[in-house]
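What follows is a set of notes on a single structure, which appears directly below.
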Amino acid sequence: MTTLEFKPKLFSTLKTYNRKQFTTDLLAGIIVGIVALPLAIAFGIASGVTPEKGIITAIVAGLIVSLFGGSKVQIGGPTGAFIIIIYGIIQQYGFEGLTIATLLAGVFLILFGLLHLGTIIKYIPYPIVVGFTSGIALTIFTTQIKDLFGLTMASVPSDFIEKWIAYVGAFPTIDSWSAGVGVLSVAIIALWPKVAGHSALSKLPGSLIAIIVMTIAGLLLKQYAGVVSIETIGDRFSISNQLPGAEVPSLTWDVIKSLVSPAITIAILGAIESLLSATVADGVIGDRHNSNTELIAQGMANLASPIFGGIPATGAIARTMTNINNGGRTPVAGIIHAVVLLLIFLFLMPLAQYIPMACLAGVLVIVSYNMSGWRSFLSILKNPKSDVIVLWVTFLLTVIFDLTIAIEVGLICACLLFMRRMAETTDVKVISDEINPEEEESDFQLGNLEHLTIPEGVEVYEINGPYFFGAGNKFEEIMGALHHRRPRVRIIRMRKVPFVDSTGIHNLTNLCMMSQGEGIQVVLSGVNPQVQAVLHKAGFDTLLGEENICSHINLALERAKQLL
């Protein structure tokens, strides 16, 4: 029985905490809070909810992930990866449906941690991660075209291809002022690191600078130039700085069943992104996170966030790296980041109504570019065809359909291609004259060439690799091709078989029974202890007789001579 693995890093780091570390954590937390502000607003709006819900998510989830997480420096909150999923769920089930799906995802994440699945999730193939991440990035970029250029559209189609057709048709309605704000926002964010250099201003994120500059510019244009075509957050949403009360939605079994699939998608994506972020952070700070504790904390965050009106959250790589680069080394920095966001929400939130929508679109264009991982995408295209197939399938399904289908089909493709590759590593060869001792390793233990001469009436079949369903079928094909040969003894050499599965046992049992029906005795050779234990449970001692299961080839050949 596995033990509960829940060891928050906060408790272990506080044992040696000091004033110097608090000073660096305080600075890092303030900077990360400032960095998180524009992203939380942008992610909230892009997801189809109000901007304050994005900030509430960053506050609640950020606090819980830092309090109970398995990483010292992880920063939790809303991320770009969830935008498309959240938007789709809201369109189909409404905000209450999203709340229930997020609660279910929280439960699944906690179960992942309790069942010690943290290490398993890390093994999801890299092409799948790159495929759906690049697909999400392209989809996010696509959703921002209307606001980026101020297009006049009654509605924006949800389908990717239809969306671009609608954009082309609406392009003559472009608003030059909004387009100017959007393009300048992208330019400011992209060029700010070079402009700020190594000065104190470099601590401020380019997205915040763009929002401040463009908001002021928009107000001045409206006041003194009479420009009223630049849409702002306040034109589309009613901004509130009131903290919401806790509210649990009504749950019915039918609703839960309908939302299990999107909830699992949220949970898997949240697990992948948070553990990927924690792993990247480990490499920078020289630490090792507890993946199962991190999953439990992520689950707790996704249980709390929707209760207070928030949306799904996970570990955010960009904010985590900002935390590290500014000296954050304990979860205290993440707690301070949540407090900073809370203070901004309470005292400065009404000012968000003046932020131009085109500016937020520019922020998300940069987010989608950074998220695209186009260099990784191009490098995978040089890999084996199986990786390329998985990459393209996941990418195209993410863009054209949705992430739920993309992850499911991508995993199926990856598993099938992996099984095919594993089957190809196992080969079966037939030896009917003699075994070359120069090819032997530890199994060549006795005697000389004479001991390895195969007597007439004996054939040796050597299986090299795992004996699972793929190899079992291959072995059956070889036996079928040699059905006209009738040796008196068949030696099946299994010295290089590390494991055998149920299909392999089934095929081997059929071979033994078929051979016995034809008057042919089967002898097993070189069976390792693990495989022998499996065969013993399957009743091979009774089927063949213990004397016909030999430890190495020399004894198997001696047994064959006795049978002859």
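Condition test on GLY327, is it open to solvent by 10 Å² or more (accessible area, probe 1.4 Å) and either modelled with pLDDT of 95 or more or small (Gly, Ala, Ser) (or both)?
It is true that GLY327 is open to solvent by 10 Å² or more (accessible area, probe 1.4 Å) and either modelled with pLDDT of 95 or more or small (Gly, Ala, Ser) (or both).
Filter region 227-264 down to the residues that are β-branched (Val, Ile, Thr), at pLDDT 90 or above and closer than 30 Å to ALA154 by Cβ, then identify the one that is surrounded by the fewest Cβ atoms within 10 Å (Cβ to Cβ). So that I can check it myself, show each step before the final result.
Here is the first cut: in region 227-264, the residues β-branched (Val, Ile, Thr) are 227-228, 230, 232-233, 239, 248, 252, 255-256, 260, 264.
Now restrict to residues that are at pLDDT 90 or above: 227-228, 230, 232-233, 256, 260, 264.
After this cut, where a residue has to be closer than 30 Å to ALA154 by Cβ as well, the list is 227-228, 230, 232-233.
Numbers: VAL227: 16, VAL228: 10, ILE230: 23, THR232: 20, ILE233: 22.
The qualifying residue surrounded by the fewest Cβ atoms within 10 Å (Cβ to Cβ) is VAL228.
When the residues of region 467-499 are filtered to those that are outside any strand (DSSP E or B), open to solvent by less than 70 Å² (accessible area, probe 1.4 Å) and at pLDDT 80 or above, which remaining residue is nearest to PHE540 (Cα to Cα)?
VAL497
Does THR23 satisfy being open to solvent by less than 30 Å² (accessible area, probe 1.4 Å) and of a type in the set (Ser, Thr, Tyr)?
no
Pick from PHE112, PHE11: which is at negative phi and touching a residue at least 12 places away in the same chain (Cβ under 8 Å)? Can you show your working first?
Details: PHE11 fails: touching a residue at least 12 places away in the same chain (Cβ under 8 Å).
After ruling out the rest, the residue left standing is PHE112.
Collect the residues in region 175-228 that are part of a loop (DSSP other than H, G, I, E, B) and within 18 Å of SER368 (Cβ to Cβ), keeping them in residue-number order.
Matches in region 175-228: PRO205 only.
Conditions tested, residue by residue: (1) touching a Cys at 6+ places or on another chain (Cβ under 7 Å); (2) modelled with pLDDT of 90 or more.
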{"site": "ILE335", "(1), (2)": "no, yes"}
{"site": "ASN370", "(1), (2)": "no, yes"}
{"site": "VAL390", "(1), (2)": "yes, no"}
{"site": "GLU408", "(1), (2)": "no, no"}
{"site": "LEU411", "(1), (2)": "no, no"}
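Given the conditions (1) more than 27 Å from ILE75 (Cβ to Cβ); (2) among the hydrophobic types (A, V, I, L, M, F, W, C); (3) out of contact with any Lys or Arg (no Cβ under 8 Å at 6 or more places or on another chain); (4) modelled with pLDDT under 80, and given that ALA423 satisfies all but one, which numbered condition is not satisfied?
The failed condition is (3).
Look through region 167-212, keep the residues that are open to solvent by 50 Å² or more (accessible area, probe 1.4 Å), of a type outside the set (D, E, K, R) and touching a helix residue (DSSP H, G or I) at 6+ places or on another chain (Cβ under 6 Å), and return whichever of them is nearest to ILE366 (Cα to Cα).
Among them, the one singled out is SER202.
Restricting to region 331-359, give me the number of residues that are under 23 Å from ASP25 (Cβ atoms), open to solvent by 50 Å² or more (accessible area, probe 1.4 Å) and aromatic (Phe, Trp, Tyr).
Residues flagged as under 23 Å from ASP25 (Cβ atoms), open to solvent by 50 Å² or more (accessible area, probe 1.4 Å) and aromatic (Phe, Trp, Tyr) within region 331-359 amount to 1.
Consider THR293 against the criteria (1) open to solvent by less than 10 Å² (accessible area, probe 1.4 Å); (2) more than 19 Å from the chain's Cα centre (by Cα); (3) of a type in the set (S, T, N, Q): it satisfies all of them except one. Which criterion is unmet?
Failing condition for THR293: (2).
For region 18-51, which positions are under 22 Å from LYS146 (Cα atoms), in a helix (DSSP H, G or I) and of a type outside the set (A, V, I, L, M)?
Across region 18-51, the qualifying residues are PRO38, PHE43, GLY44, PRO51.
Would you point out the residue of region 537-552, among those that are open to solvent by 70 Å² or more (accessible area, probe 1.4 Å) and in contact (Cβ under 8 Å) with a residue 12 or more places away in the chain, that is nearest to GLY504 (Cα to Cα)?
It comes out as SER551.
Tell me, yes or no, whether region 449-466 has at least one residue that is modelled with pLDDT under 75 and open to solvent by less than 20 Å² (accessible area, probe 1.4 Å).
Scanning region 449-466, I find at least one residue that is modelled with pLDDT under 75 and open to solvent by less than 20 Å² (accessible area, probe 1.4 Å), so the answer is yes.
Does ALA166 satisfy being out of contact with any Cys (no Cβ under 9 Å at 6 or more places or on another chain), of a type in the set (A, V, I, L, M) and farther than 22 Å from ILE85 by Cα?
Taking the combined requirement at face value, the residue does not satisfy it.
Those residues that are open to solvent by 10 Å² or more (accessible area, probe 1.4 Å) and farther than 22 Å from PHE347 by Cβ, I need them from region 50-78; list them, please. Outline the logic, then answer.
Let us first name the residues in region 50-78 that are open to solvent by 10 Å² or more (accessible area, probe 1.4 Å), namely 50, 52-53, 56, 59-60, 63-64, 67-68, 72.
Those that are open to solvent by 10 Å² or more (accessible area, probe 1.4 Å) and farther than 22 Å from PHE347 by Cβ: ILE64, LEU67, PHE68, LYS72.
The values are calculated or read from the model by the stated rules, or taken from the named source; none is laboratory data. What you see is a predicted model, and the numbers here were worked out from it, not measured in a lab. A quick note on method: Cβ atoms are made from the backbone with ideal geometry, for glycine too, and the neighbour counts reach across all protein chains shown. To get the accessible areas, we keep the full protein, side chains included, count just its heavy atoms, and leave off ligands, DNA and RNA. Shrake-Rupley method; radii C 1.70, N 1.55, O 1.52, S 1.80 Å.
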